[in-house]
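Right, one structure below, let's go through it.
What follows draws every value from the coordinates through simple rules; no lab data is involved. Please read these numbers as outputs of a predicted model, since none were measured by experiment. We place every Cβ from the backbone using ideal geometry, glycine too, and count neighbours over all the protein chains shown.
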Amino acid sequence: MHVSLVLSEYDELLIVGDGINCGCAPSKHTCKTGSRQSWTAVAAQHAITDTCRRRVDLTCSLVGSTDGTRLAFAAIGDFGGVPQPPYFTYTQRKIARVLGKYAFMKDIKFIIGLGDNFYYEGVKSVDDHRFTSTFEHVYTAAPLQRATWYMIAGNHDHASNVSAQIAYTKRSKRWHFPHFYYTKVLKLPGSYKTIQLVMIDTTILCCKHQKKSNTLPEEEKQLKWIRNTLRDSTADYLIVAGHHPVVSAGIHGNTPYLLSNLKPLMEEYDVTAYISGHDHNLQHIKEDDSNLHYFISGNGNFYNSYIFHKRALSSSLKFFHGDCGAFTLFEATREFLKVSLIDDAGNELYNIKLKPRTAIQSMDDEENAILDEFFTSQST
């Protein structure tokens with residue numbers, strides 16, 4: 001199998017037949033899957049011009065690297081730019097480029113937006129220019145335009161009109177924000193395994209003073225919906241996504257309402273992971289007596305390494321990094337859910353593999369045993 005790739009400085013993928021041609025190359029270059037060659041070497045070999053060389057920063061990157069049985073997606077929090085020109089930050093733009101490269105290499109199908117989508121006071125209407133200047137014109141890589149962006153609101157979004165962000169779902173092919181809270185079940189390719197996203201609005205739940213609208217759903221109604229959704233889930237991987245962290249070593253620390261009301265539900269119904277933002281760093285937290293993993297990925301635009309509440313977490317804090325921008329990569333297979341923390345230079349800082357939910361795995365084992373018994377009886 002021969003594959004090829006040209007990735008421009010704007011992360012646009014240019015693929016020509018079974019070779020690459022950036023537009024000014026006199027001939028095509030082909031490389032085998034898994035190989036890597038520097039752009040300088042390829043340019044020298046094929047006499048590609050300096051003008052073209054400046055346009056391209058990566059060639060012959062691994063294409064089709066997934067095995068066809070995994071589902072890859074990413075999460076990024078607090079990525080909402082700034083309200084002054086150019087309406088995005090250097091860190092946000094840098095992460096967008098790296099995320100675009102990973103989206104191609106890993107075949108990322110969707111991105112979870114963890115809130116604070118527009119700093120510092122959200123958007124005013126569905127026609128607000130920030131949708132274009134802070135989102136559409138930043139995440140420009142072709143794979144990021146094809147991917148679905150599942151969005152929730154953060155406290156900064158609630159400073160203005162969250163309903164406008166929900167309405168933007170009808171304007172954009174990739175922006176998916178149907179309600180303040182919602183759920184989505186996705187099937188892993190090549191299997192009957194599923195992953196379920198439970199997208200919640202933590203500002204409604206726990207931060208009444210930060211809500212500007214009197215027409216938002218009541219917290220009790222949402223909490224009941226969360227309970228019922230988690231109870232009824234049969235997914236192999238069950239992920240809850242909210243803006244505020246349940247537990248955190250960062251500057252904001254733990255969120256008391258979520259500790260008292262959400263954490264018991266997630267533990268009772270065997271949630272695989274809770275992912276959030278709000279603190280502008282990367283964290284992985286897991287208590288020794290619980291199967292629930294907490295991931296914080298809140299440095300999509302700003303970052304800090306304030307670790308004010310480490311002592312309160314004792315041995316639960318497994319990883320903390322706040323020295324750069326970052327996002328979180330998920331790769332779900334039949335056997336495990338791999339979670340990787342990726343910095344804005346494309347480096348994997350940390351990874352861990354999570355097992356499918358215990359109850360669901362037991363059901364699968366029982367079904368497999370029944371099938372084995374059936375086929376054995378048919379062959380005798």
How far, in nm, would the chain grow between residue 173 and residue 231 when pulled straight, counting 0.36 nm per residue and subtracting the alpha carbon separation?
17.7 nm
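Strictly over 25 Å apart at the Cα level, which of 94/184; 193/353; 184/263; 109/221 would you flag in this model? It would help to have the intermediate numbers written out before the result.
On the way: 94/184 29 Å; 193/353 16 Å; 184/263 20 Å; 109/221 31 Å.
Checking Cα-Cα distances, 94/184; 109/221 exceed 25 Å.
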Trypsin sites (Lys or Arg not before Pro) within region 322-362: which are DSSP loop residues with at most 15 other Cβ atoms inside 10 Å?
334
What order do you get for 252-264, 73-85 when each peptide is scored by the mean count of other beta carbon atoms within 10 Å, highest first?
73-85, 252-264
